[in-house]
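Worksheet: the structure to be examined is printed underneath.
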Amino acid sequence: MKFIHLTDIHLMAPGVPLNGSDPAANLTRVLADIAAWHQDAEFCVISGDLADEGDPAAYGWLQEQLAAFPLPTFLMLGNHDVRENFLQVFSDHPRSSGGYVQHSHAAGGAKFLFLDTLTGGPDVHDGELCTERLAWLETELEAAGNAPVFLFLHHPPFDIDLPYVDDIKLRNPEAFHTALRKGRNIRHIFFGHIHRMTYVNWRGYSFTSLPSTNHQIPLVPERAGSEYSIEPMAYGVVQVGDDQLTVHFDAYLDRPGRDAGR
Ligand SMILES: [Fe+2]
């Protein structure tokens, strides 16, 4: 089976630029590219930072785009989101008890777990999994038994040697690791937040992240001269087999040739 991973779309009101790019125009292009080439995917997931300022108008615009998008799309929250505003617009999006935007999805004999690491509060950007959310995760992992499990969360539990994001990672990595140990067959973990394409192996668990669809966080900020940069955007095309996981990082805006500029 195949699914699509997108992250950090950072929507503003339509037409309002952010950090030198137009998030609504970028999302329009990425959704069109996915609809053109990947309609056979089982689902799409957007792993947080849906709206740059948690603006209800941005969530409303996203809802309109997804109504015309052919894939079922699961949404997650990041540090820029406002849970109450999101739930006002996406009132029937699945969630766990306590109103957290986390849920599980079964497909192809595997279990997909989408976590909500939003701490909340003005100017709070690090992430957390509180006792209630961790208990939900442990219950889901135990219930999965030996079935393959794929996890998704916005904030990584580790540093990537980039202080700008290391300072705002998941604030309770040890508790998260303890919960992960309840899983018997965790195959991979997808994350967002860092606006960069990475592969990380943390304590034996493999993780991948993706660029934002709007602006990136430069690996060498001194060289970029800014805390943000315009670098290639990408989405993930993920193929899940019985004994293999493949993540393609497709830089959809930067293909030369006949489909460039779609
Ligand atoms: Fe972000």
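Laboratory data are not the source of any read-out in this text; all were calculated from the coordinates shown. Predicted, not measured: the structure shown is a model, and the values here were computed from it. Please note: Cβ atoms are built from the backbone with ideal geometry, for glycine as well, and neighbour counts cover all protein chains shown.
Remarks
- Of all DSSP-defined beta bridges confined to the stretch 106-243, some 45% are antiparallel rather than parallel.
- Counting only DSSP H runs of at least 4 residues, each contributing -39500 (n - 2.57), and dividing by the residue count of the chain, the helix-based mean residue ellipticity at 222 nm comes to -7000 deg cm²/dmol.
- The chain: antiparallel DSSP beta bridges as a percent of all, rounded to 5: 55 percent
- Net charge of neighbours whose Cβ lies under 13 Å from the Cβ of I4, counting Lys and Arg as +1 and Asp and Glu as -1: -3
- Net charge dipole, the chain: roughly 720 debye, given to the nearest 20, about the Cα centre with Cβ charges of +1 for Lys and Arg and -1 for Asp and Glu.
- Local electrostatic count, A13, Cβ distance below 12 Å [Lys/Arg +1, Asp/Glu -1]: -4
- Of the two radii for the stretch 54-171, the radius of gyration is 0.98 times the Kirkwood radius, both from the alpha carbons; that is the Rg over Rh value.
- Springs between Cα atoms under 10 Å define the GNM used for the chain, and in it the highest mean-square fluctuation of D126, D22, D167 occurs at D167.
- Fraction of the pair-distance distribution of the stretch 2-250 above 24 Å, Cα-Cα pairs, percent: 42 percent
- Cβ crowding within 10 Å, taken as a proxy for footprinting-reagent exposure, orders M12, M76, M233, M1 from fewest neighbours to most as M1, M12, M233, M76.
- Each DSSP beta bridge with both residues in the stretch 21-149 is either parallel or antiparallel, and the antiparallel ones are about 55%.
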